[in-house]
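**Q** Would you mind keeping the following structure in view while I ask a few things?
The values are calculated or read from the model by the stated rules, or taken from the named source; none is laboratory data. Not measured: the values here are computed from a predicted model. Here Cβ is always computed from backbone atoms with ideal geometry, including for glycine, and neighbour counts include all displayed protein chains.
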Amino acid sequence: MLDPFEAYTAHVNPVLGRFLRLTGRDLRLVRARGCALLDADGRRFDDWVAGFGSLNLGHNPDVIRDAIRRHLDEAPPGLFPETPNPYAGALAERLVAAAGAERFETCFFCNSGSEAVEAALKTACAATGRRKVIHAEGAYHGTTLGALSCTARDVFRAPFEGLLATGFVLVPFGDAGALEEALAPGDAAAFIVEPVQVEAGVRIAGDAYLRRARELCRRAGALLILDEVQTGMGRTGALFAFQHAGPGAEPDILVLAKALGGGLVPAGAAVYGRGLFERAYGGALRCEAHNSTFGGNSLAARVALETLETIARPDFLEGVRRRAEELFGALAAALAGRRLVERISWRGLLGGVKLAPVDHPWLRFENLGLPELAGRPVAGPIVVDRLLRKGIVAQVCGHDWSVVRVEPPLVVDAETCGRFVDAFAEAVSWLEGNA
């Protein structure tokens with residue numbers, strides 16, 4: 001039998017496995033707690049990717065591990081075949097209350113962000129009887145066919161263009177005028193947008209834009225879908241990012257996943273506005289027209305409820321905001337005046353550092369044995385490599401490799417932040433000295 005790590009390259013993703021080996025990122029991680037990762041040789045790494053926003057409570061949080069143990073000891077049904085699921089019921093009631101019970105009413109549960117986006121899109125079309133969906137340039141909503149239809153035009157889409165859904169209309173991100181024009185015919189089922197486009201380089205929509213989008217959708221009879229798969233569950237310092245904008249920015253459908261599962265179980269949800277489920281799926285023959293076998297299973301629902309209760313505490317969210325101020329204040333000071341740093345954008349503990357292009361024969365992908373990556377920004381990946389040499393696992397944004405994402409677990413401490421800031425400043429210094 002193969003070594004289990006080698007088996008990944010042989011039987012899971014051969015191309016990625018070879019790429020990780022080539023770039024020195026084939027870490028053999030064996031344990032993790034909080035923000036720390038340990039490899040088979042006992043080396044420690046700080047995690048600044050956090051499962052792309054899935055590990056808001058860090059790795060293996062005690063509160064979630066304890067909840068799982070209690071749940072398994074009670075041995076309840078894992079699935080509830082054609083009977084009421086009390087675990088899903090309790091979670092839905094709490095999510096509705098957290099999002100705003102005056103506006104929201106029901107939840108659909110699934111296992112991932114892509115699935116939750118699919119549910120939101122289908123529900124919007126079923127509820128409105130319309131077949132057009134407006135989405136923003138630069139978006140990342142997932143890789144299933146429906147979610148991919150409103151995801152940025154990139155390598156994710158290219159092999160599947162002939163299969164993707166029709167009726168999707170692209171508008172510039174953050175452009176309320178373009179959105180108004182796209183909504184003007186009155187035939188759109190929904191507008192779907194991320195409050196922060198992480199993969200496009202941590203681009204922030206802005207509170208005024210979200211309030212304007214809410215107003216324009218209401219006027220056109222379209223539903224506003226906010227994809228908070230990465231921005232939800234405390235990531236921005238509020239439980240949900242739309243809450244920063246105050247009254248008038250509430251969506252009709254709120255999409256959640258990733259951190260909802262506490263970093264240990266798959267969990268996703270689409271939280272529907274009042275009356276929306278009945279409009280879309282009213283009647284005994286339609287009430288299960290969209291469903292998920294494992295969505296809302298008892299273990300996932302119990303873990304998600306424990307996660308929600310932990311993150312929603314005012315002191316927890318205040319701690320996220322305070323740590324974010326300290327982190328990005330220190331990072332801005334350390335990178336001030338650097339010629340290769342174009343901008344630092346952030347909201348809560350979600351940020352990105354955009355780096356200027358570099359041009360040197362040693363710093364081109366085609367000269368590093370990776371010709372298929374020629375033309376892509378190289379500064380971000382080089383900084384990521386320099387951080388790894390300092391024991392920090394980081395990553396660039398999926399659609400914009402010039403931006404290094406800053407996305408630690410929300411439980412990150414000051415000492416870990418200090419190591420990151422120092423290492424980042426040193427990496428940029430190295431790059432400026434060699435570019």
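**Q** Got a sec? Which strands (runs of 3 or more DSSP E) wholly within the stretch 1-102 have at least 3 residues that are surrounded by 13 or more Cβ atoms within 10 Å (Cβ to Cβ), touching a residue at least 24 places away in the same chain (Cβ under 8 Å) and not assigned by TED's automatic domain parsing to the domain that holds residue 249?
**A** Values: elements: 29-33, 36-39, 44-47.
Per the criteria, 44-47.
**Q** Could you tell me whether residue 255 is β-branched (Val, Ile, Thr), assigned by TED's automatic domain parsing to the domain that holds residue 198 and part of a helix (DSSP H, G or I)? Reasoning before the result, please.
**A** Numbers: β-branched (Val, Ile, Thr): yes; assigned by TED's automatic domain parsing to the domain that holds residue 198: yes; part of a helix (DSSP H, G or I): no.
No, not satisfied.
Yes/no per residue for (1) in the same structural domain as residue 98 (by TED's automatic domain parsing); (2) in contact with a Phe, Trp or Tyr (Cβ under 6 Å, 6 or more places away or on another chain); (3) within 26 Å of residue 298 (Cβ to Cβ); (4) not in a loop (DSSP other than H, G, I, E, B):
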{"residue": "251", "(1), (2), (3), (4)": "yes, no, no, no"}
{"residue": "259", "(1), (2), (3), (4)": "yes, no, yes, yes"}
{"residue": "263", "(1), (2), (3), (4)": "yes, no, yes, no"}
{"residue": "280", "(1), (2), (3), (4)": "yes, no, yes, yes"}
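**Q** Quick test of your reading of the structure: residue 162 fulfils all but one of (1) part of a loop (DSSP other than H, G, I, E, B); (2) out of contact with any Asp or Glu (no Cβ under 6 Å at 6 or more places or on another chain); (3) surrounded by 15 or more Cβ atoms within 10 Å (Cβ to Cβ); (4) not acidic (Asp, Glu). Name the failing condition by number.
**A** Condition (3) is where residue 162 drops out.
**Q** Please tell me if residue 382 is closer than 23 Å to residue 417 by Cα and at pLDDT below 95.
**A** Numbers: closer than 23 Å to residue 417 by Cα: yes; at pLDDT below 95: yes.
It is true that residue 382 is closer than 23 Å to residue 417 by Cα and at pLDDT below 95.
**Q** Can I ask one more? Would a scan of the stretch 73-82 turn up a residue that is within 23 Å of residue 289 (Cβ to Cβ) and in contact with a strand residue (DSSP E or B) (Cβ under 6 Å, 6 or more places away or on another chain)? Steps first, please.
**A** Filtering the stretch 73-82 for residues within 23 Å of residue 289 (Cβ to Cβ) gives 79-82.
Imposing the further condition that a residue be in contact with a strand residue (DSSP E or B) (Cβ under 6 Å, 6 or more places away or on another chain) reduces the set to none.
No: zero hits.
**Q** Something else now. Please go through the stretch 124-133 and pick out each residue that is assigned to a helix (DSSP H, G or I) and hydrophobic (A, V, I, L, M, F, W, C).
**A** Initially, the stretch 124-133 is screened for residues assigned to a helix (DSSP H, G or I), giving 124-128.
Those that are assigned to a helix (DSSP H, G or I) and hydrophobic (A, V, I, L, M, F, W, C): 124, 125, 126, 127.
**Q** Looking at 250, 309, can you tell me which residue is surrounded by 19 or more Cβ atoms within 10 Å (Cβ to Cβ), in contact (Cβ under 8 Å) with a residue 24 or more places away in the chain and in contact with a helix residue (DSSP H, G or I) (Cβ under 9 Å, 6 or more places away or on another chain)?
**A** Working: 309 fails: surrounded by 19 or more Cβ atoms within 10 Å (Cβ to Cβ).
Criteria check complete, one pass: 250.
**Q** Return a yes/no flag: does the stretch 112-123 have any residue that is outside any helix (DSSP H, G or I), of a type in the set (S, T, N, Q), closer than 26 Å to residue 376 by Cβ and in contact with a Ser or Thr (Cβ under 8 Å, 6 or more places away or on another chain). Even if it seems obvious, please write down each step before you answer.
**A** First pass over the stretch 112-123, keeping only residues outside any helix (DSSP H, G or I): 112.
Narrowing the set further to residues that are of a type in the set (S, T, N, Q) leaves 112.
Of the ones still in play, those that are also closer than 26 Å to residue 376 by Cβ are none.
Within the stretch 112-123 (the criterion being outside any helix (DSSP H, G or I), of a type in the set (S, T, N, Q), closer than 26 Å to residue 376 by Cβ and in contact with a Ser or Thr (Cβ under 8 Å, 6 or more places away or on another chain)), the answer is no, since none of the residues qualifies.
**Q** For residue 276, work out the one condition from (1) in the same structural domain as residue 205 (by TED's automatic domain parsing); (2) surrounded by fewer than 20 Cβ atoms within 10 Å (Cβ to Cβ); (3) farther than 29 Å from residue 72 by Cα it doesn't fulfil.
**A** Unmet condition: (2).
**Q** Moving on. Does residue 390 count as farther than 20 Å from residue 228 by Cβ, more than 23 Å from the chain's Cα centre (by Cα) and not assigned by TED's automatic domain parsing to the domain that holds residue 234?
**A** Values: farther than 20 Å from residue 228 by Cβ: yes; more than 23 Å from the chain's Cα centre (by Cα): yes; not assigned by TED's automatic domain parsing to the domain that holds residue 234: yes.
Answer is yes for this residue.
**Q** Continuing with the same structure: With acidic (Asp, Glu) and under 20 Å from the mean Cα position of the chain (by Cα) as the only criterion, which of 227, 187, 175 stands out? I'd like the intermediate steps shown before the answer.
**A** Working: 187 fails: under 20 Å from the mean Cα position of the chain (by Cα); 175 fails: under 20 Å from the mean Cα position of the chain (by Cα).
The conditions single out 227.
**Q** Let me ask something else about it. With the requirement that a residue be over 15 Å from residue 349 (Cβ atoms), touching a Leu at 6+ places or on another chain (Cβ under 8 Å) and without any contact (Cβ under 8 Å) to a residue 60 or more places away in the chain, what does the stretch 382-430 give you?
**A** Selection gives 382, 383, 386, 423, 427.
**Q** If residue 136 meets every condition in (1) of a type in the set (Gly, Ala, Ser); (2) over 19 Å from residue 272 (Cα atoms); (3) touching a helix residue (DSSP H, G or I) at 6+ places or on another chain (Cβ under 6 Å); (4) touching a residue at least 60 places away in the same chain (Cβ under 8 Å) apart from one, which number is that one?
**A** Tallying (1) of a type in the set (Gly, Ala, Ser); (2) over 19 Å from residue 272 (Cα atoms); (3) touching a helix residue (DSSP H, G or I) at 6+ places or on another chain (Cβ under 6 Å); (4) touching a residue at least 60 places away in the same chain (Cβ under 8 Å), residue 136 fails exactly one: (3).
**Q** From the list 29, 55, 38, exactly one residue is touching a Lys or Arg at 6+ places or on another chain (Cβ under 7 Å), under 24 Å from residue 392 (Cα atoms) and at pLDDT 95 or above. Which is it?
**A** Values: 29 fails: touching a Lys or Arg at 6+ places or on another chain (Cβ under 7 Å); 55 fails: touching a Lys or Arg at 6+ places or on another chain (Cβ under 7 Å).
Exactly one residue qualifies, and that residue is 38.
**Q** Pairs under 8 Å by beta carbon, first residue closer than 24 Å to residue 206 by Cβ in the stretch 348-371, partner of a type in the set (Phe, Trp, Tyr) and at pLDDT 75 or above, six or more apart or different chains?
**A** Within 8 Å, the pairs are 351/328; 352/346; 353/424.
**Q** Considering each of 318, 306 in turn, give the residue that is assigned to a helix (DSSP H, G or I), in the same structural domain as residue 93 (by TED's automatic domain parsing), under 22 Å from the mean Cα position of the chain (by Cα) and more than 24 Å from residue 123 (Cα to Cα). Before the answer, list the steps.
**A** Working: 318 fails: in the same structural domain as residue 93 (by TED's automatic domain parsing).
Within the list 318, 306, the selection yields 306.
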